[in-house]
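Student: Pasting a structure here, questions to come.
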Amino acid sequence: MQFLDDSLLPENQQPLVIQVAPYGPQFLPGDSDDIPVTMEEQVQKAVDCWNAGATVLHVHVREADGKGSKRLSMFNEMLARLREAVPKMVLQVGGSISFAPEGDGAQAKWLNDDTRHMLAELDPRPDQVTIAINTNQMNICELLSADDVDGTSLANPALQAAYREMWIPSGPVFVEEHLRRLQAAGIQPHFMLGDVGQLETVERLVRRGAYTGPLVLNWVAIGGGADGPNPYNMMEFVRRVPAGAVLTIESLMRHVLPLNTMAIAMGLHVRVGIEDNLWARKGERMTSVRQVEQMVGIARQLHREIAGGAEARAIYRIGEHYATADETLAKLGYGPNRRPGELGMPLRLAA
């Protein structure tokens, strides 16, 4: 991304888009009093986050017993209710879900691509589905301290051992087919990227025409297979993101606040919520709504506007699609592909 002399002045920055992830699927209901369980509670949580200033909702769904749902019908019901309750919110479904066939008792299998591709069949369709790039370790426990998990199920050694060995299966065959299905369904992929190498893979997908749409992404600084919450990592990632992309900063536990504060000052966007962080200061719990309010307060201190629903959709370019790889590269701010016989550095020439 390019920073001009006046890029840090709030009047030259986009309104702040606040993503919120209030459902915390890795936690059990007893881990926090801020985990909604019933469908009514889950919808009300979205309303509360919207009222606090969030415009993008990261959606997961729980069954009545508090377990994470793998039923397509439950996600469809949740999305339908959310469309009624928060019609201006951008609805972003977490792409880690694999759906279980309903009615025959079969269990969903994480590596079964067909159950994961069913995200493109959600009805009503969400605005976005998140997608990880490149099969990679996702050991969130690498960054967690005993204080971070105090009073939660993640303090259980057996459960923590399972999370330490978690992987994201996201190889090239899956990614290309998933992007094809999401785009065909009119659902925008939201790229969740843990390092520059994954960003380079996305650029190759764009250059080869496998993805032809806006580049809306999170830098996911959670360690354990992704970048750690190091400002040098963040700045290198920011530097490598093309100017036409929309970048949100995401991290883990008490790293969220300092990185998001930097992001707001730089004109980037932020993600909060109990899926990422349970804490304010050390030992003090903080709800998703309060985290949204905190971001709004920091933005106001910096005189930066908060995006409303229509502004968030415009910034994210929801519903926009491009015809070719060349058009996509130009829209995103990447240099053009090399033409046959072209030597040197391909440059976009002024008309």
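The values are calculated or read from the model by the stated rules, or taken from the named source; none is laboratory data. All of these numbers come straight from a predicted model, not from anything done at the bench. Backbone-built Cβ (ideal geometry, glycine too); neighbour counts: all protein chains shown. Just so you know, the surface numbers come from the protein's heavy atoms only, side chains and all, with ligands and any DNA or RNA stripped out. Shrake-Rupley method; radii C 1.70, N 1.55, O 1.52, S 1.80 Å.
Student: Where q = 0.07 Å⁻¹, what log10 of I(q)/I(0) comes from the Debye formula for the chain, counting one point per Cα?
Tutor: -0.28
Student: Right, something else. Taking amide hydrogens as modeled 1.01 Å from N in the peptide plane, which residues meet the under 5 Å criterion relative to Val270, leaving out close sequence neighbours?
Tutor: Counting only residues 5 or more places away or on other chains, the set is Val17, Gln19, Ile249.
Student: What number results when the radius of gyration of the stretch 1-105, computed over Cα atoms, is divided by 2.2 N^0.38 Å?
Tutor: In units of the 2.2 N^0.38 Å rule of thumb, it is 1.31.
Student: Continuing with this model, one more query. Please give the FRET efficiency for Met345 paired with Leu4, using the beta carbon to beta carbon distance and R0 = 22 Å, rounded to the nearest 0.05.
Tutor: 0.50
Student: In the stretch 213-280, what trypsin sites (Lys or Arg not before Pro) fall in a loop by DSSP, with at most 15 other Cβ atoms inside 10 Å?
Tutor: Answer by residue number: there is no such site.
Student: Counting only residues 5 or more places away or on other chains, whose amide H sits under 5 Å from the amide H of Ala221 once H atoms are built in the peptide plane?
Tutor: Counting only residues 5 or more places away or on other chains, the set is Glu250, Ser251.
Student: Here's something else I'd like to know. At a Förster radius of 22 Å, what calculated FRET efficiency corresponds to the Cβ-Cβ distance of Glu121 and Asn337, to the nearest 0.05?
Tutor: 0.10
Student: So for the stretch 50-188, Kirkwood radius off the Cα pairs, Stokes-Einstein at 37 °C and 0.692 mPa s: how many µm² s⁻¹?
Tutor: After rounding, the answer is 197 µm²/s.
Student: For Arg254, what charge total do you get from the other residues with a beta carbon under 11 Å from its beta carbon, if Lys and Arg give +1 and Asp and Glu give -1?
Tutor: Around Arg254, the charge tally is -2.
Student: While we're here: Take each of the peptides 124-132, 145-153, average the number of other beta-carbon atoms within 10 Å over its residues, and list them starting from the highest.
Tutor: So the peptides 124-132, 145-153, ranked by packing, come out 124-132, 145-153.
Student: Hey, another quick one. Quick one: which residues, 5 or more positions from Tyr211 or on another chain, have an amide H under 5 Å from its amide H? H modelled 1.01 Å from N in the peptide plane, none for Pro or chain starts.
Tutor: Those lying under 5 Å, H to H, from Tyr211 are Val206.
Student: Rounded to the nearest 10 Å², what accessible area does Asp114 show when all protein chains are kept and the probe is 1.4 Å?
Tutor: Counting only protein heavy atoms, Asp114 exposes about 100 Å² to solvent.
Student: Can I ask one more? When the label point is put 7 Å from the Cα of Ala314 along its Cα-to-beta-carbon vector, which residues of the stretch 245-273 have a backbone N closer than 19 Å?
Tutor: 245-247, 267-270, by backbone N distance to the label point.
Student: For Ala80 and Ala243 in one chain, what is 0.36 nm times their gap in residues minus the Cα-Cα distance, to one decimal in nm?
Tutor: The Ala80-Ala243 span can extend by a further 55.2 nm.
Student: Still on this structure: From zero up to wherever the largest Cα-Cα distance of the stretch 1-57 sits, split into 10 Å bins and tell me the percent of pairs in each.
Tutor: 20, 35, 20, 16, 8
Student: Another one. Pop out the ³J(HN,Hα) list for the stretch 88-97 in order, Karplus 6.51 cos²θ - 1.76 cosθ + 1.60 with θ = phi - 60°, rounded to Hz; leave Gly and Pro as x.
Tutor: Going residue by residue, I get 8, 6, 7, 9, 10, 8, x, x, 7, 6 Hz, with x marking Gly and Pro.
Student: Points 7 angstrom from Cα along the Cβ direction at Arg300 and Ala146: gap in nanometres?
Tutor: Here the answer is 4.0 nm between the modelled labels.
Student: Let me ask another. In the stretch 237-281, which residues have a backbone nitrogen under 18 Å from the label point lying 7 Å from Asn12's Cα in the Cα-to-Cβ direction?
Tutor: Inside the label zone: 239, 243-245, 263-269.
Student: Report, in listed order, any pair from Lys70/Lys331; Lys70/Lys282; Lys67/Lys88; Lys88/Lys282 with a Cα-Cα distance greater than 32 Å.
Tutor: Correct reply: Lys70/Lys331; Lys70/Lys282; Lys88/Lys282.
Student: While we're here: What dipole magnitude, in Debye to the nearest 20, does the chain give about its Cα centre under +1 on Lys/Arg Cβ and -1 on Asp/Glu Cβ?
Tutor: 700 debye
Student: What whole-number distance in Å separates the alpha-carbon centres of the stretch 281-339 and the stretch 200-257?
Tutor: Between the Cα centre of the stretch 281-339 and that of the stretch 200-257, the gap is 12 Å.
Student: Quick one: ranking Met166, Met295 by accessible area, 1.4 Å probe, largest first, what do you get?
Tutor: Output order, biggest surface exposure first: Met166, Met295.
Student: Sticking with this structure for a sec: At 0.36 nm per residue, minus the direct Cα-Cα distance, what do Thr135 and Glu165 gain on full extension? Give it in nm, one decimal, please.
Tutor: Working it through step by step, the gained length comes to 9.5 nm.
Student: Quick one: accessible area per residue over the stretch 65-214, 1.4 Å probe, rounded to a whole number of Å²?
Tutor: That works out to 45 Å² for each residue.
Student: Right, something else. What distance in nm separates the simple spin-label points at Asp33 and Arg208, each placed 7 Å from Cα in the Cβ direction?
Tutor: 5.2 nm
Student: Further question on the same structure: Based on DSSP H runs of at least 4 residues, each adding -39500 (n - 2.57), what is the mean residue ellipticity at 222 nm of the chain after dividing by all its residues, to the nearest 500 deg cm²/dmol?
Tutor: Mean residue ellipticity at 222 nm (helix-derived): -10000 deg cm²/dmol.
Student: Moving on. When ranked by the protection proxy of mean other Cβ atoms within 10 Å per residue, highest first, what sequence do the peptides 17-28, 223-234, 259-270, 309-320 form?
Tutor: 17-28, 259-270, 223-234, 309-320
Student: The stretch 211-289: Rg/Rh from Cα coordinates, Kirkwood Rh?
Tutor: Looking at the stretch 211-289, the ratio lands at 0.99.
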